[in-house]
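This report refers to the structure that appears directly beneath it.
Bear in mind that the values in this text are calculations on the coordinates, not laboratory data. Keep in mind the model is a prediction, meaning the values are calculated, not measured. Glycine also receives a Cβ, built like all others from the backbone with ideal geometry; neighbour counts cover every protein chain displayed.
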Amino acid sequence: MSSDELLEGAEFGNLPFDTFALERWDHTRPVERDREQWNDLAREWLGLDARGRHPYHSQDTPHPTTATSTQMERVLAPHQTLQERNLSLRTELGRGAPVWLRTCYSRVLAETYAEWCEEVDLETIVGHASQILDDENLYSPFADDWSGILLRVPAIADTVRYMDNETEIYEERYESPGSGEEFKRPLFEAKVKEKTMLFLVDEEALRTNMVKLLWLDVHGRCVWENRLRPDNLLEFHGRMFEGGSLADLYRENDTPEMYQMGALLEID
């Protein structure tokens, strides 16, 4: 499927954030400030937890199946590409559908990136072409702050579902660090919070020849960071598509160095 075709379910008006934005859009505000209004709504969405987003995912809540031409032309179409809409549909797979985000387009480092792409099939690594965000015009503005992508695609952080018949949102339980193990606490807290991951290719990543791996919470905040050699991406893919998580990766790599933010992952 090409980037100018929508996946079934990604039609205008069908995505949860579509409904959220259409309900709240203030059509009396100047059109010139539409991007600002979109960004404000994206931040509001990111501020919600799974329970707060639940009405927009619930089968019991009526949602528009199509947007009117006016809604599409003003509210939805200008602020996301068709590829980003397709990505928004796949993010519910969480770690099984990671985003590959390139923000560095330096001509000096272009050869390094080309070598990475020759070494691995990125679509195999992430699962679908919609998850590969590689467009200089769109994503180079995020060179200094990758999190700007969350305003374009707030669904990246929308990976947890709330069930009405549960008294609380399920959280995995991990053994808390014991006496003398306070150095483990930052990672412990990250393991509890992380819900999805994102591959980041920024200038530092290319200069060090290491892919950055960001672990994000339900609000899109980076709670932990690792490095990964490009030639280790396929092994990493195999581990994660077996249902892996940040905790699983560390279960077999319990060394002091691994408790440092930005630690290099060695996947056998």
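Of the DSSP beta bridges with both residues in the stretch 16-264, give the percent that are antiparallel, rounding to the nearest 5. Taking every DSSP beta bridge with both residues in the stretch 16-264, the antiparallel ones total about 60 percent.
Taking every alpha-carbon pair under 8 Å whose residues sit at least 6 apart, the chain reaches a relative contact order of 20 percent. For the listed peptides 131-143, 25-37, 91-103, a ranking on the average number of other beta carbons within 10 Å per residue, highest first, reads 91-103, 131-143, 25-37. In the frame of its principal axes, the stretch 16-264 has Cα extents of 56, 52, 27 Å, reported largest first.
Quick check on the stretch 182-268: take the gyration tensor over C-alpha atoms, sort the square-rooted eigenvalues as a ≥ b ≥ c, and tell me if it's rounded (a/c under 1.5), prolate or oblate. Taking the square roots of the gyration eigenvalues as a ≥ b ≥ c, the stretch 182-268 is rounded. The Cβ shell under 12 Å around Pro30 holds other residues with a net charge of 0, Lys and Arg each +1, Asp and Glu each -1. Each Lys or Arg adds one and each Asp or Glu subtracts one; over the other residues with Cβ under 13 Å from the Cβ of Glu11, this totals -2. For the stretch 20-137, the direction-averaged projected area of the alpha-carbon convex hull comes to 9.6 nm². Excluding Ala97 itself, calculate the net charge of residues whose Cβ lies under 13 Å from the Cβ of Ala97, where each Lys or Arg counts +1 and each Asp or Glu counts -1. Around Ala97, the charge tally is 0. Between Arg229 and Glu136, the simple spin-label model (points 7 angstrom out along Cα→Cβ) gives 3.1 nm. Computed over the chain, the per-residue total of -39500 (n - 2.57) for DSSP H runs of n ≥ 4 gives a 222 nm mean residue ellipticity of -9000 deg cm²/dmol, rounded to 500.
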